[in-house]
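Bear in mind these aren't lab numbers, they're just calculated from the coordinates by the rules spelled out. Here the structure is a predicted model, which means the values were calculated and not measured. All Cβ positions, even for glycine, are placed from backbone atoms using ideal geometry, and neighbour counts span all protein chains on display.
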Amino acid sequence: MRKFLLKIFPLLIAANLQAQSGLGQYRLIYLFGDSTQVVKQQRWLSSDAAGCKERSIKIILADSSVHGQALYRQFNVTNPVFTLILMGKDGGEKFRSYEPVTPHQLFAIIDQMPMRKQELKLRPNH
């Protein structure tokens with residue numbers, strides 16, 4: 001029973017994190033790694049906070065905590081240096097990179113998503 005609980009506990013934490021993170025409300029960008037590349041990616045994204053806000057982006061940093069380790073397992077992240085995962089509002093993985101990506105590149109990917117296209121159509125000034 002203890003082995004079962006040890007295996008299932010991280011999955012429950014990961015599911016809870018995903019539920020708390022705003023599935024359906026946000027496009028989630030998960031950042032994994034312990035390097036200057038993670039800092040670089042955070043800096044790039046914060047340099048275009050307006051673009052991130054417009055696209056409902058929420059950034060989640062997976063650290064060495066129990067919660068962070070559960071995310072590493074949930075997304076099968078094995079690259080210890082850097083991994084970026086973009087999740088759509090539907091909860092599906094849309095993009096994965098092992099090196100930092102400019103906001104312009106990420107926004108281009110997001111702007112091609114069907115849900116984003118629908119959002120743009122429904123905007124009052126569009």
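Please specify each residue of the stretch 29-43 satisfying the condition of being part of a helix (DSSP H, G or I) and not polar (S, T, N, Q).
If the condition is that a residue be part of a helix (DSSP H, G or I) and not polar (S, T, N, Q), then V38, V39, K40, R43 are the ones that fit.
Mind checking which residues of the stretch 40-53 are more than 13 Å from the chain's Cα centre (by Cα), surrounded by 14 or more Cβ atoms within 10 Å (Cβ to Cβ) and within 19 Å of E99 (Cα to Cα)?
Residues of the stretch 40-53 that are more than 13 Å from the chain's Cα centre (by Cα), as a first pass: 40, 43-44, 46-51, 53.
Adding the requirement that they be surrounded by 14 or more Cβ atoms within 10 Å (Cβ to Cβ) leaves 44, 48, 51.
Listed by number, the residues that qualify are W44, D48.
Specify the residue that is nearest to L106 (Cα to Cα); the eligible residues are those in the stretch 72-95 that are aromatic (F, W, Y) and touching a residue at least 40 places away in the same chain (Cβ under 8 Å).
Checked the stretch 72-95; the qualifying residue nearest to L106 (Cα to Cα) is F82.
Can you tell me which residue among S97, S65, S56 is over 16 Å from the mean Cα position of the chain (by Cα) and surrounded by fewer than 18 Cβ atoms within 10 Å (Cβ to Cβ)?
S65
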